[in-house]
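Reading through the structure tokens given below for one structure.
The values are calculated or read from the model by the stated rules, or taken from the named source; none is laboratory data. All values derive from a computational prediction rather than experimental measurement. Note: ideal-geometry Cβ built from the backbone for every residue, glycine included; neighbour counts use all protein chains shown. To get the accessible areas, we keep the full protein, side chains included, count just its heavy atoms, and leave off ligands, DNA and RNA. Shrake-Rupley method; radii C 1.70, N 1.55, O 1.52, S 1.80 Å.
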Amino acid sequence: MAAAPERAARPSDLAGLLRPLAESPLRVDQNGARITAESLHDRLVVVAFVNGGCTIVCAVRTLELDKLARALPEPLRERVRFLALGTDPARDGAGRLRAMADGLVGPTTPLRFLDSDAASAAAILARLRYPASLLPEPPPTVLVFDRRGEIAMTYGSDPLDAPRLITDLTALETFEDGLGQPPRGTRQAASTF
């Protein structure tokens, strides 16, 4: 019974990723829109990592995510948001990420590219257990969050398994109250005890 108040008091996994430290600035995408966990409420969210000096692996990952975002079936496309978090604050200012987005996937991409400050990037990379020695190459990880902003799945991204992601996102969409509750269209069996 005590778990529910604790759960409500702590920020969601997605909120913790977008603002990993209390002093983390609010994130703004390449178009100047503020992106918060609240603005993504009740959406499935796919997060990948990039940097403005993207190598071929990072560029291919970004192109594949853009292609996946555009290929989702129409009802699902409206429910899923794709974020690309910058991991190199020294070089990933909003202008550089916008140039990367426009040059690589075009200005109409459904991907939202978010810059990062040094402290937030370090906190995120530590949570992912990503060695700093591998930077500037961003983590080859894709995170998927449910409608409550809780981590639902983690994938490797090199190569991106788009068919599996589409299948998993389609299934995850049916969990209207997150993974801890039954999916839409099912009923919990009444207890016989």
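In the range 141-160, the residues that are farther than 20 Å from E176 by Cβ and in a loop (DSSP other than H, G, I, E, B) reach residues that are among the aromatic types (F, W, Y) and open to solvent by less than 20 Å² (accessible area, probe 1.4 Å) with C-beta atoms within less than 9 angstrom, at least six apart or across chains, in these pairs: S157/F49. If you go through the range 19-60 and keep only what is at pLDDT 90 or above and within 16 Å of T141 (Cβ to Cβ), you end up with P20, V45, V46, V47, A48, F49, V50, V60. Exactly one residue out of A37, A69 is without any contact (Cβ under 8 Å) to a residue 60 or more places away in the chain and within 26 Å of L179 (Cβ to Cβ), and it is A69.
How do the strands (runs of 3 or more DSSP E) wholly within the range 15-130 filter down when requiring 1 or more residues that are open to solvent by less than 60 Å² (accessible area, probe 1.4 Å) and charged (D, E, K, R): which remain?
Numbers: elements: 44-50, 80-86, 111-114.
So the answer is 111-114.
Restricting attention to the range 131-140 and to residues that are in a loop (DSSP other than H, G, I, E, B) and open to solvent by 50 Å² or more (accessible area, probe 1.4 Å), the residue that is farthest from L65 (Cα to Cα) turns out to be P131.
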